[in-house]
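Take a look at the structure set out below.
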Amino acid sequence: MAPPAQEAFNIEEWKMPPPMQLRVPYYVFGFPITSDDINNWGDKLNLDRNLGMVIWDRGFKAMLQALPQEYRRRENIMSVSFGQDREIMCIVLGSNKSQKDIERAQDLDMIRKVADALHPHLAPGWFRPRP
């Protein structure tokens, strides 16, 4: 039996976090991707949840194809710190690397487009990239 799905992220109730300072330390802004997100994409593909890594492989690929074209690049997928001693995949929309990247991270229209494509469970935020 599949675990109950988390309630999906609602952009209408979400409050934009404040921008980070430039470069110190380096952070990325994006949507954390949970196992529930991947399983939901597997369900859309009618994959049996007992397939394990097949769901991760096919579900993740389908999820990436749903993204706006400019966010399908390899550099937009990153492993980030999530909570204490936890790591999670993240679809990166911006960073504090430059003023332009900070502005991209604050682009509500793009955040909405990505949220509409992904139907994520967790809100976007600032995360520390993992090495």
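Rule-based calculations on the coordinates, nothing more; no lab input. Predicted model, so just to flag it, every value in this text is computed and none were measured. Reconstructed Cβ throughout: ideal geometry from the backbone, glycine too, with neighbour counts over all protein chains shown.
Quick look at the numbers
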quantity	calculated
In the chain, lysine pairs with alpha-carbon atoms under 20 angstrom apart (chain gap of 8 or more, or interchain)	5
Nearest 10 degrees, 0 to 90: helix 53-66 Cα axis against the chain principal axis	50 degrees
The chain - charge dipole about Cα centre, Lys and Arg +1 at Cβ, Asp and Glu -1, debye rounded to 20	480 debye
Nearest-ten-degree value, helix 35-44 long axis tilted from longest Cα axis of the chain	50 degrees
Segment Arg58-Met110, extension gain: residue separation times 0.36 nm, minus the distance between their alpha carbons	16.3 nm
Nearest 10 degrees, 0 to 90: helix 108-118 Cα axis against the chain principal axis	20 degrees
Matching label, P(r) over Cα pairs in 10 Å bins from 0, in percent computed from the structure shown, candidates (1) 12, 43, 34, 9, 1; (2) 11, 42, 32, 13, 2; (3) 9, 15, 12, 11, 9, 8, 8, 7, 7, 6, 4, 4, 2, 0	(1)
The chain, relative contact order in percent, only Cα pairs under 8 angstrom and at least six apart counted	42 percent
Computed helical MRE - 222 nm, the chain, DSSP H runs ≥ 4 contributing -39500 (n - 2.57), nearest 500	-9500 deg cm²/dmol
Signed unit charges on C-beta, dipole axis of the stretch 1-116, positive-most listed residue Met53, Gln69, Ile33	Gln69
By average C-beta atoms within 10 angstrom, highest first, the peptides 26-37, 106-117	26-37, 106-117
Rounded if a/c under 1.5, otherwise prolate or oblate - the stretch 76-131, Cα gyration tensor axes	oblate
Excluding exposed DSSP-loop GluC sites (Glu not before Pro) (at most 10 other C-beta within 10 Å), longest clean stretch of the chain	14-131
